[in-house]
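Enquirer: Let me begin by handing over the structure; questions about it come next.
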């Protein structure tokens, strides 16, 4: 609160009449209390960045519900995750690929460009979207897997599966020095 000092400045023993000097003193205790209450209120009511999670649908582990449909080779792209943020992709089967295995990286000039080009090509030929099989190796990282899923989300591919890698595919990674 504010307080005024009204002392001083009076007439003393025949001297001149002087105006009273007024001194103001503002007590800031209440304002500091209010500021800390507001800061505490906003800290407690503010939500921090919410964690972002990607929805991933996985098949049942029951043997009886394991009804897998055959997938044509012409619609299937296999992506092998190697080391050092490298991927190798091909169309078809690893023993007899329809396209030559290609080593690339992530990003718009890497696997994303291949996904877009082959996706358009498959859609034009068959009228159905491309199916992407992601096969992480034991040398790949979790970061590579998440990045690959992000790339598939960017290009809008909804038909994908995470599959175990086979020995011929590991040999393919070893041949291209990304295992």
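Enquirer: For residue 72, indicate whether it is in contact (Cβ under 8 Å) with a residue 40 or more places away in the chain and either over 25 Å from residue 170 (Cβ atoms) or over 23 Å from the mean Cα position of the chain (by Cα) (or both).
Expert: Considered against the rule, which asks whether it is in contact (Cβ under 8 Å) with a residue 40 or more places away in the chain and either over 25 Å from residue 170 (Cβ atoms) or over 23 Å from the mean Cα position of the chain (by Cα) (or both), residue 72 comes out as yes.
Enquirer: Does residue 48 satisfy the criteria of being within 29 Å of residue 95 (Cα to Cα), under 25 Å from the mean Cα position of the chain (by Cα) and modelled with pLDDT of 75 or more?
Expert: No, not satisfied.
Enquirer: Within the range 116-146, track down each residue that is closer than 17 Å to residue 163 by Cβ and surrounded by 14 or more Cβ atoms within 10 Å (Cβ to Cβ).
Expert: Those that are closer than 17 Å to residue 163 by Cβ and surrounded by 14 or more Cβ atoms within 10 Å (Cβ to Cβ): 130, 131, 132, 133, 134, 135, 136, 137, 139, 140, 144, 145.
Enquirer: Follow-up question, since we're still on this one. For residues that are closer than 16 Å to residue 83 by Cβ and under 11 Å from the mean Cα position of the chain (by Cα), tally how many sit in the range 147-160.
Expert: 1
Enquirer: Okay, next question. So how many residues does the range 93-102 have that are buried (at least 17 other Cβ atoms within 10 Å of the Cβ) and within 30 Å of the chain's Cα centre (by Cα)?
Expert: Residues flagged as buried (at least 17 other Cβ atoms within 10 Å of the Cβ) and within 30 Å of the chain's Cα centre (by Cα) within the range 93-102 amount to 1.
The values are calculated or read from the model by the stated rules, or taken from the named source; none is laboratory data. Here the structure is a predicted model, which means the values were calculated and not measured. For neighbour counting, all protein chains shown are included, and Cβ atoms are generated from backbone atoms with ideal geometry for every residue, glycine included.
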